[in-house]
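Notes follow once the structure below has been shown.
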Amino acid sequence: MSGTSRAQLCFLLLSVTALRGHARFLDIQDNEISPEGLLSLLSSELKRELPEEFVYRRALRCLDMVAVEGQFTFTAERPQLNCAVFFIGEPSDIISIEYDSVSIDCRGGDFIKVFDGWVMKGEKFPSTQDHPLPLYERYSDYCETGVTRPIVRSSQNVAMLFFRLHQSGSSFTVTFRKLINPFPCNVVSQTPEGSFTMIIPQQHRNCSFSIIYPVEIQIGELSLGQHNDLRRSILGCAGSGDFVELMGGNGMDTSKMYPMADLCYSFNGPAQMKVGCDNTVVRMVSSGKFVNRVSFQYRLLGHQELQQMKGNSVEDVCLRA
């Protein structure tokens, strides 16, 4: 991987800008932050082993990662104008954020907003193509709905909280909980290694599993219902209405990623591919006519493997970008 590409991997770009308008949702601009810092925070959070009856409490930072359930408080010691908290659960979780207490000046320009998903490098996960809600409905503004909607729930295992506080002493406290999702759809992996089975039970939707690392994907099983092979051969996988894509890219939006492989035949693996991109995605497209299922494993690629991939046509598309 080139020095430029590796440097890109070392930054998550995030900024928060409030737009005026009826929807009052956020537009994300560029603001560099270190992913190593975020991922180290995530690792330390995941290592915490707490008794069930114990309520974990800690202060929030202006830029933070939260993976452990508990109660979190932010108190501004000075104006904080561009802050964000990444929340993440297990693949089978959805996120619940409850406002416990809020002391901010909404009329003075303060805000607290929850986004249903994550934003990195100015791109959103899940993409607008894969999320069940239109973009403006994915933002929840406390200053508009906090009193009537004190609890906000995500559609997947990640969510973000953006806030801007102009005065020292302004504060808020939220409780973060994880709720079980029986059919996880869009997922961000907490780790660069693991396994997952994605099932779409006769629903017309797209689901993406995102791994924010260069990895090797090994598909062990793919079941896509029954199809007419002639129609599929003429129209390709996209024409079949039910298929799996392996994708790679240096951002989060699947619509802007490189297609590495399309799979539209059921099989029992293994089938594997190395993807040397900042972000690797297994994406399933479902027509809603069948119960579709894909099982896969993934592992982090080593430095030597990444070097060997240079010049290998499809595999190094991100390394050359």
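Coordinate-derived values only; no laboratory data. All values reported here derive from a predicted model rather than from experimental measurement.
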From phi via Karplus (6.51, -1.76, 1.60), per-residue ³J(HN,Hα) for the stretch 148-155 in Hz, x at Gly/Pro
8, 9, x, 10, 10, 10, 8, 9
Restricting to lysines and to Cα separations under 23 Å from LYS310, and discarding same-chain partners fewer than 8 apart, the set is LYS256, LYS274
Need the full-extension length gain, ARG299 to THR148, defined as separation in residues times 0.36 nm minus the C-alpha distance. One decimal, nm.
50.0 nm
Out of residues 5 or more away from PHE172 or on other chains, whose amide H comes under 5 Å of its own, with H placed 1.01 Å from N in the peptide plane?
PHE74, SER103
